[in-house]
Amino acid sequence: MRIFRALNLTLNMRKLFSILFISFGGMQINCAQQDSIMFDRIYHESFYNGQAYDNLRYLTKEIGHRIAGSKKADQAVVWSKGLMEGLGLDKVYLQNVEVPYWDRGPKEKAHIVETGEPLNVLALGGSVATPINGLEAEVIEIELLSDLRKYGEQVRGKIVFINKPWDESMVETGVAYGLNAGQRSRGPGEAAKLGAVAFLFRSLSSSAIDDYPHTGGTRYIDGVDRIPAIAISAVSANRLSERLKENPKAKVYLEQHAAWKDNVPTHNVIGEWIGSEFPEKIITIGGHIDSWDVGEGAHDNGTGTMGTLDALRTLKALGYKPRHTIRLVFYMNEENGVHGSMAYGRYAKDKNEQLIAGIESDAGGFAPRGFDIKASASQVEWMQKHWKPLFEQKFWVSRFLSGSPGVDSGVWGEHFPNTTMFNFRPDPHRYFDLHHTDKDVFEAVDRRELQSGVAAIASLLYLVDQQIDELHKK
Ligand SMILES: [Zn+2]
């Protein structure tokens, strides 16, 4: 690696290199080679000196899960502001956000009444409570919400149980998730309209042998009764389904105590590294700092926040000087309201800011595979030709496809339809085994995979900063 250290070029001077070749120590180096050298330095720095994993340990073990509006979420805000200050960014500040606060209360309980068999359940985010002593009712099991209509009056007084197994055939687990997530959010409202007393939902888990329930957002319909909405583990869902086949009149007991509290003032955390050539043009990078109130919010989304922060640290450690302003944003409340990204978009719009690019990491800290890109077809093609080869051969990062921005970027991007967006895509196979569960803990993250992702993100950030003006001409 000594040769790369010797090549400690002032890399914001790319313009000087734009005449295809430069001469260095008798060697001819073109722009692509220069980028390749920078990639090597970034990967070296990330693997050897990366701090994302250690920072993640603190966030998950010392702070823990951190639902928006909770004391833990505020602790994460204060601590991560300190981290950004420690990086020596030019400006670090908090941005006011008001969030709704939902509190789960004591642990949920559930069992099959006739057999006494326990069921592993977890209230869905935003759910109301059962009566204080729980409720007991017969169950209507369906796969699709649309099947509910044919039951008509029979739904009254029952628990509606959606038991749709995960589509195992999909490598893109995010797509499989998306196929069922709509039923989770619309289910309680639709079931309540027909007089159901509770809504029980088979967890969105990519593992069929998973005995952990997965929480996630749900909602109600205005003017319709609000009924308790509860996720059940895949294994418990299978057990209940078997018992219902043996005895269609079997009853389930449910007890949970969740409640909405008053709105709470909190913050997005923002750090800015001012650009040397175009300080007014801003590249936003980051992810959400809140998590659900289970596990430790490690993959979702400790890795996204600690990873993007470490991408900036990596470039700084290499003596990099950005051409554009790089703004690191930790959004609050992605999980149950997206108020952080809404506020970020509003403030930026009011100030008429030039948000030229967005990079988001919120798909876990597994080995990097690439990026989904929101840009014109010709721009994506140009990146596939010029950027992808740099990542592909040595680093096994090869996905450069048109796609959606992350959730937070998508929200603030509504005010900025022309911003080029990148959504970091790590390997998707195991993410939805852990997502929104007690299993999403620090131990589920691998340091090498995480730092490899940091390097991929830092490399992308470097290319965006160096070449976005060129890209925007395509
Ligand atoms: Zn997330």
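Points to keep in mind about this one:
- Contact order relative to length of the chain, as percent, for alpha carbon pairs under 8 angstrom and 6 or more apart: 21
- Euclidean distance between Cα centres, the stretch 144-161 to the stretch 250-287, Å: 35
- Here the contact order of the stretch 105-257, divided by its residue count and restricted to Cα pairs under 8 Å and six or more residues apart, works out to 40 percent.
- Surface composition of the stretch 105-257: carbon plus sulfur atoms hold 52% of the accessible area, using a 1.4 angstrom probe and ignoring ligands, DNA and RNA.
- Overall, the anisotropy analysis places the stretch 179-272 in the oblate class: the square-rooted eigenvalues a ≥ b ≥ c of its C-alpha gyration tensor yield a/c not less than 1.5, with a/b not exceeding b/c.
- The chain: C-alpha gyration tensor shape, a/c 1.5 cut-off, then a/b vs b/c: prolate
- Most tightly packed first, judged by the mean number of other beta-carbon atoms within 10 Å of their residues, the peptides 151-158, 368-375 read 368-375, 151-158.
- Antiparallel bridges, percent of DSSP beta bridges restricted to the chain (to nearest 5): 55
- Rounded, prolate or oblate (a/c below 1.5 giving rounded, otherwise prolate when a/b exceeds b/c) for the stretch 105-257 by Cα gyration tensor: rounded
- Per residue solvent-accessible surface (Å²) - the chain, probe of 1.4 Å: 41
The values are calculated or read from the model by the stated rules, or taken from the named source; none is laboratory data. These figures come from a predicted structure and were not determined experimentally. FYI the Cβ positions are ideal-geometry reconstructions off the backbone, even for glycines, and counts take in every protein chain you see. What goes into the accessible areas is simple: the full protein's heavy atoms, side chains included, and nothing from ligands, DNA or RNA. Shrake-Rupley method; radii C 1.70, N 1.55, O 1.52, S 1.80 Å.
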